[in-house]
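The values are calculated or read from the model by the stated rules, or taken from the named source; none is laboratory data. In this text, all values refer to a predicted model and were calculated from it rather than measured experimentally. So basically every Cβ, Gly included, is an ideal-geometry build from the backbone, and we count neighbours across all protein chains shown. Each accessible area value is taken on the protein alone, full model and side chains, heavy atoms only, with ligands, DNA and RNA left out. Shrake-Rupley method; radii C 1.70, N 1.55, O 1.52, S 1.80 Å.
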Amino acid sequence: MSSLRDHTAIDRVLHEPARAVIVAILDAIESADFLYLQRETGLTKGNLSSHLAKLEAAGYITIEKTFRGKLPLTLCRLTPQGKQAFARYREQLARFIAGT
Amino acid sequence: MNDTLTQVQQRARAYWFADGLNEIVGGTFAAILGALILLQNSLQSAQADILSTVTNMLLLAGAVSIPLLLRWMKERVTYPRSGYVAYPQLKPAERLKRGTPAILLALALAVLIAGSILASPITRLWAMACLVWMPSLMGVLVGAGLFRSERETGLTRRAWLGGLSILTALWLGWRSFPLMNLLTPTLTAGRITEPMPMQTAAVMRTLMAAMYANVAFLLIIVGGAALILGVVARVRYLKETHNVEPA
């Protein structure tokens with residue numbers, strides 16, 4: 001019963017395929033812009049913006065609007081809290097799969 | 001799900017190579033350098049010296065300018081097309097830790113060869129033989145590095161290049177075997193402080209020429225293959241990103 005409680009206590013912010021993929025990408029690199037994330041996730045602009053907003057609200061990512069030369073750039077970066085949450089999420093997934 | 005996330009992360013790490021520009025620029029440079037070294041080997045003394053200076057300058061210029069050129073090309077072409085990714089910058093301590101095995105290996109080889117030259121006439125012969133085998137060792141190390149890169153990025157073409165580098169190293173080793181017949185104990189019989197006998201100097205020149213030729217072949221073969229694979233990757237990248245709205 002306690003292991004079932006562990007599984008249902010999974011991080012709901014990350015336990016959404018699109019957001020899990022976004023955070024996985026940001027965990028592997030330093031930062032990425034909106035265009036790259038959109039291409040990799042295959043999401044529409046609106047959908048991606050919505051997921052990024054949820055991750056930012058949870059404190060897992062920071063979103064920086066900057067410029068690269070004259071081109072505007074929206075840069076996303078994983079916070080230390082986001083890194084820890086992602087690592088915990090992967091451990092939970094691994095335990096869940098091992099238990100099935 | 002965890003496997004999917006691992007693959008996603010691998011793709012993110014491989015993005016720096018996705019546009020094929022790294023292989024195109026690096027492969028072209030390596031092939032040109034190899035061709036120059038091969039040409040230098042076939043020229044007379046004064047012309048070879050001039051070309052040697054040019055080659056050394058090109059090597060230095062390439063080491064400095066290639067990373068800058070790549071960054072410039074990606075800023076102009078890749079990032080506006082498919083997005084910008086920044087990679088973590090390693091701290092100096094981490095860089096040192098990663099480079100330590102290569103540094104130690106280079107130091108060990110240098111000490112071994114210097115020690116061999118000083119130790120005895122027989123070990124001096126061995127040190128002379130090492131000249132010719134160095135390019136083969138280079139090929140094996142480059143191949144190992146490329147296989148490691150394939151594990152980190154999931155890019156199959158890195159494994160192809162790694163395999164080719166190792167096969168080339170084996171071929172270079174095989175073609176160097178006949179040169180070992182030139183190494184006779186009389187070549188290094190005298191004291192190290194005495195002037196080098198003419199016969200020894202002639203054999204040294206032959207071995208040096210063979211070493212340069214082997215380095216040239218390694219650069220041309222692996223560089224040329226990298227260029228071809230880079231072009232294939234570039235064509236694929238352009239097809240995959242042709243309908244993306246510019247940033």
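Please work out which residue is nearest to B:SER165 (Cα to Cα), limiting yourself to the range B:110-120 and to residues that are open to solvent by less than 50 Å² (accessible area, probe 1.4 Å) and in a helix (DSSP H, G or I).
Among those residues, the one meeting the criterion is B:ILE113.
Determine which member of the set A:ASP27, A:ASP11 is among the charged types (D, E, K, R), touching a Lys or Arg at 6+ places or on another chain (Cβ under 8 Å), within 14 Å of chain B (Cβ to nearest Cβ) and closer than 24 Å to B:TYR87 by Cα.
After ruling out the rest, the residue left standing is A:ASP27.
Given the structure, is B:VAL25 in a helix (DSSP H, G or I), more than 14 Å from chain A (Cβ to nearest Cβ), open to solvent by less than 50 Å² (accessible area, probe 1.4 Å) and of a type in the set (Val, Ile, Thr)?
Yes.
Looking at the range B:56-97 only, could you name the residues that are open to solvent by less than 50 Å² (accessible area, probe 1.4 Å) and not in a helix (DSSP H, G or I)?
If the condition is that a residue be open to solvent by less than 50 Å² (accessible area, probe 1.4 Å) and not in a helix (DSSP H, G or I), then B:GLY83, B:TYR84, B:VAL85, B:ALA86 are the ones that fit.
Checking the condition touching a residue at least 24 places away in the same chain (Cβ under 8 Å), within 30 Å of B:LYS239 (Cα to Cα) and more than 14 Å from chain A (Cβ to nearest Cβ), which residue from B:ILE66, B:ILE122 passes?
B:ILE66
Only residues in the range B:125-140 that are open to solvent by 40 Å² or more (accessible area, probe 1.4 Å) count as the first member; pair them with residues that are outside any helix (DSSP H, G or I), Cβ under 9 angstrom, at least 6 apart or cross-chain, and list the lot.
Note: pairs meeting the criteria are B:TRP126/B:LEU183.
Is it the case that the range B:40-55 has a residue that's touching a Phe, Trp or Tyr at 6+ places or on another chain (Cβ under 9 Å) and either more than 14 Å from every other protein chain (Cβ to nearest Cβ) or surrounded by fewer than 14 Cβ atoms within 10 Å (Cβ to Cβ) (or both)?
yes
Being within 30 Å of B:GLY27 (Cα to Cα) and at pLDDT below 85 is the requirement here; does B:ALA233 meet it?
Criteria not met by B:ALA233.
Just to verify a result, which residue in the range B:28-39, among those that are open to solvent by 40 Å² or more (accessible area, probe 1.4 Å) and aliphatic (A, V, I, L, M), is nearest to B:PRO67 (Cα to Cα)?
Once the filter is applied, the top-ranked residue is B:ILE32.
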